[in-house]
1. Looking at V169, V149, V128, which is the one that is among the hydrophobic types (A, V, I, L, M, F, W, C), crowded, with 18+ Cβ neighbours inside 10 Å and under 17 Å from Y82 (Cα atoms)?
2. So which of A118, A183 ends up being under 27 Å from C220 (Cα atoms), part of a loop (DSSP other than H, G, I, E, B) and among the aliphatic types (A, V, I, L, M)?
3. So which residues in region 63-86 are closer than 23 Å to P38 by Cα, among the basic types (K, R) and open to solvent by 50 Å² or more (accessible area, probe 1.4 Å)?
4. Which one is farthest from V48 (Cα to Cα), of the residues in region 11-36 that are open to solvent by less than 60 Å² (accessible area, probe 1.4 Å) and part of a loop (DSSP other than H, G, I, E, B)?
5. Which one of the conditions (1) closer than 18 Å to R37 by Cα; (2) more than 17 Å from the chain's Cα centre (by Cα); (3) open to solvent by 60 Å² or more (accessible area, probe 1.4 Å); (4) not charged (D, E, K, R) does T136 fail to meet, given that it meets all the rest?
6. For G57, which of the numbered conditions (1) surrounded by 13 or more Cβ atoms within 10 Å (Cβ to Cβ); (2) more than 16 Å from F148 (Cα to Cα); (3) among the small types (G, A, S) fails to hold?
7. Evaluate region 209-232: report whether one residue or more is open to solvent by 30 Å² or more (accessible area, probe 1.4 Å), farther than 30 Å from E164 by Cα and among the aliphatic types (A, V, I, L, M).
8. Considering only region 49-80, how many residues are in contact (Cβ under 8 Å) with a residue 40 or more places away in the chain and either over 31 Å from the mean Cα position of the chain (by Cα) or assigned to a helix (DSSP H, G or I) (or both)?
Amino acid sequence: IQSRYQGIPYGWREIDIAAAVAQLIYDRKAAVRYEGRPVRPDDGKLAVYLRKKTEIGKTTIEKRESVTASAMTSVRSFLREYLDVMDVPEDIDMLITFMAEHFDGQSARCSALLRRYASHPYPGKEIVERAVSLVTRILASRGDAAAFVGAVLDAEDSLLDIKEDMHGVESFFEHQVHVFDAALMLLGQLDDELDYFAGEDGIGGALAQIREITGDARGCFRRIPELNPLMRAVWDGHDRLLDAKREEIAVLVAQCRR
């Protein structure tokens, strides 16, 4: 573009050509790709991509494809179902902003959840990782409206599946994580006392079930409610053994005093 329009018969200056291209981008009539990836019109580096000599060779400009009416209808219908909202923008630019804000927010929430897995073996990590991968792939097309809408429509089934799976993960962190943490703490506290429970089937069985539930990395969330009664069974058995040991020691002390 620069070579053509700086030459005869045009004779435009480099900055004028860049400004004309920028206006086309602003008017949503042209799309920019840098190293093959779409560039958003509000990207802070857009001017660099358009003017810096070391970058313009990596930059391509193409006519922006408009979003068809049928695609607009389909994506708005899907978003109402997926987001459980009725008010979805009809204007394409407002719709793209609306979609980008939602998926940016979803990406941030999933990233925050992943950080919680860094120090604890909570269930559902694989689900969150799949959600991050899916949303990242969709957001990679945000610089091109038609591609962005197409990416969302192509991922309809996957988005609905991950939404259902993520509901279990988010519910776990909202309502059940404290029970899970308590179960992990119990296992840690009694780790050095397992030999004392060798003959106690009730305690040993309860501990085995707790390990099974807390060790289910794929996320057996429906079994989390079982942890409370299992922990009570362990502590009740633990207290019973302690009481028996105290009585044994008390008898021994009494015998030694005679």
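The values are calculated or read from the model by the stated rules, or taken from the named source; none is laboratory data. In this text, all values refer to a predicted model and were calculated from it rather than measured experimentally. Don't worry about glycine lacking a Cβ; one is built from the backbone with ideal geometry, like all the others, and counts go over all protein chains shown. Accessible surface is based on the protein model in full, side chains and every heavy atom, while ligands, DNA and RNA are left aside. Shrake-Rupley method; radii C 1.70, N 1.55, O 1.52, S 1.80 Å.
1. V149 is the lone residue from the list that is among the hydrophobic types (A, V, I, L, M, F, W, C), crowded, with 18+ Cβ neighbours inside 10 Å and under 17 Å from Y82 (Cα atoms).
2. Within the list A118, A183, the selection yields A118.
3. Hit for region 63-86 is K63, nothing else.
4. By that ranking, first place goes to G11.
5. (2)
6. (1)
7. no
8. 8
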